[in-house]
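All remarks here apply to the structure that follows.
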Amino acid sequence: MKFPKGKVPAETLKKIVFEHLGARRDEVILGPSLGEDGALVKVGDKVLVSSMDPITGAVERIGWLAVNVNANDVATFGVRPSFFSSCLLLPENSTGDTVRMICEQIDLAAKKLGIAVIGGHSEATPDLDRPIVVGCALGVTEPGRYVTSSGSRPGDRLILTKGAGIEGTAILATERHNKLEEKLGKNLLNSAAKFYEQISVVEEAILAFNKGGVTAMHDPTEGGIAGGIHELADASNLGVKILEERIPIAPETLQICEYFQVDPLQLISSGALLISVKPAYVEKIIKELADHNIKAAVIGEFLEDPAKRVLLRCNGTASDLVRPISDHLWSALEK
């Protein structure tokens with residue numbers, strides 16, 4: 001079966017990828033699992049958190065995204081990222097200017113987050129038509145001082161920060177600027193392009209974790225908010241009830257998605273954070289985030305039955321929460 005663009009399907013991960021994981025080592029606390037954003041490895045008296053993600057659908061801010069997307073994955077464990085390495089795969093006609101642009105973006109993003117760039121690799125790769133950056137972020141914590149995506153329990157509330165489709169909005173506003181400008185106007189596109197500045201979830205993840213009551217966190221990347229919710233529910237083997245009217249979606253995102261006829265809930269959403277919280281801690285965390293100018297809303301709760309994943313729509317009807325086959329960014333870029 002030919003894969004759709006984006007992440008390899010979960011069934012393939014379970015049947016093939018997870019069956020070929022090399023030697024077993026006692027230091028591995030958490031290895032590859034559905035819905036998990038990274039790995040946990042015991043190193044001496046500390047725990048190392050590791051994440052890896054490529055940036056494939058963007059060009060203009062590719063280095064910036066590589067740092068932030070991987071740093072976000074570490075932060076979803078409640079751990080501040082400290083180190084970053086990258087593999088730069090470049091088209092054969094690339095020049096030093098391309099390398100400089102990407103490295104300057106990596107440098108800027110890493111400095112902003114207090115991350116050291118510790119190594120990597122770069123090469124001109126045959127048959128590429130755009131650069132690809134594969135990043136790896138690392139963080140260090142104490143044993144037990146973290147959460148995983150599998151920690152949610154029935155009745156836990158689900159908080160979403162910022163809103164849906166943040167990264168996809170920024171990418172489309174820059175990569176398809178000329179196509180969109182006549183219809184949507186320069187002011188809206190300039191505002192949408194600034195969504196890149198919202199990509200990091202490191203501060204909100206650490207703030208929420210330190211406040212207490214957090215049972216799991218996940219950043220919705222490919223597949224958007226809908227995909228991220230499914231991944232979080234998959235990790236904990238739970239169902240979920242989502243209230244459509246509670247999901248924040250910026251006007252810029254709505255208009256760009258309407259233009260391309262794509263679903264904002266299935267648009268890549270780095271910059272948003274899904275937080276599973278014990279009910280007694282919800283208001284404390286919402287207030288803590290608000291005190292730091294981070295918008296957040298309770299969009300649903302987890303259910304005991306893993307087969308029940310429901311979206312209660314604004315018009316009062318209910319439907320199954322869509323599980324994205326492929327991120328709608330790809331559909332938009334092809335139009």
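The values are calculated or read from the model by the stated rules, or taken from the named source; none is laboratory data. Being a predicted model, the structure only gives us computed values, none of them experimental. All Cβ positions, glycine included, derive from the backbone under ideal geometry; neighbour counts span all protein chains shown.
Filtering the range 211-238 to residues that are assigned to a helix (DSSP H, G or I) and under 16 Å from T161 (Cα atoms) leaves K211, G224, I225, A226, G227, G228, I229, L232. Close Cβ contacts (under 8 Å, 6 or more residues apart or on different chains) running from residues in the range 301-325 that are assigned by TED's automatic domain parsing to the domain that holds D156 and assigned to a loop (DSSP other than H, G, I, E, B) to residues that are modelled with pLDDT of 95 or more and hydroxyl-bearing (S, T, Y) comprise R313/S319.
On the given criteria, is G119 assigned to a strand (DSSP E or B), among the small types (G, A, S) and at positive phi? For G119, the condition - assigned to a strand (DSSP E or B), among the small types (G, A, S) and at positive phi - is met. Report yes if K241 is touching a residue at least 24 places away in the same chain (Cβ under 8 Å) and part of a helix (DSSP H, G or I), otherwise no. Taking the combined requirement at face value, the residue does not satisfy it. Across the range 216-247, which residue is surrounded by the most Cβ atoms within 10 Å (Cβ to Cβ) among those that are farther than 29 Å from A109 by Cβ and either β-branched (V, I, T) or in contact with a His (Cβ under 7 Å, 6 or more places away or on another chain) (or both)? The qualifying residue surrounded by the most Cβ atoms within 10 Å (Cβ to Cβ) is V240. Counting just the residues of the range 248-279 that are small (G, A, S) and within 19 Å of I199 (Cβ to Cβ), which one comes out surrounded by the fewest Cβ atoms within 10 Å (Cβ to Cβ)? Of everything passing the filter in the range 248-279, A250 is surrounded by the fewest Cβ atoms within 10 Å (Cβ to Cβ).
Screening S276, S269 for residues that are assigned by TED's automatic domain parsing to the domain that holds D156 and within 30 Å of H177 (Cα to Cα) leaves exactly one candidate, S269. Taken over the range 286-300, the residue count meeting the criterion of being of a type in the set (K, R) and assigned to a helix (DSSP H, G or I) is 1.
Quick check on S33: is it among the hydroxyl-bearing types (S, T, Y), closer than 30 Å to E334 by Cα and not in a helix (DSSP H, G or I)? Answer is no for this residue. In the range 298-312 there is no residue matching the filter, namely being of a type outside the set (A, V, I, L, M) and more than 20 Å from S150 (Cβ to Cβ).
Within the range 142-189, can you find the residues that are in contact with an Asp or Glu (Cβ under 7 Å, 6 or more places away or on another chain) and outside any helix (DSSP H, G or I)? Hits for the range 142-189 are T148, P154, G155, D156, R157, L158, T161. Whenever a residue of the range 118-129 is at pLDDT 95 or above, its partners that are hydroxyl-bearing (S, T, Y) and in a strand (DSSP E or B), lying with C-beta atoms within less than 7 angstrom and at least six residues away or across chains, give the pairs I118/S85; G119/S85; G120/S85; G120/S86. Does L184 fit the bill of being in contact with a Gly (Cβ under 6 Å, 6 or more places away or on another chain), at negative phi and not β-branched (V, I, T)? Judged against the criteria, L184 is not a match.
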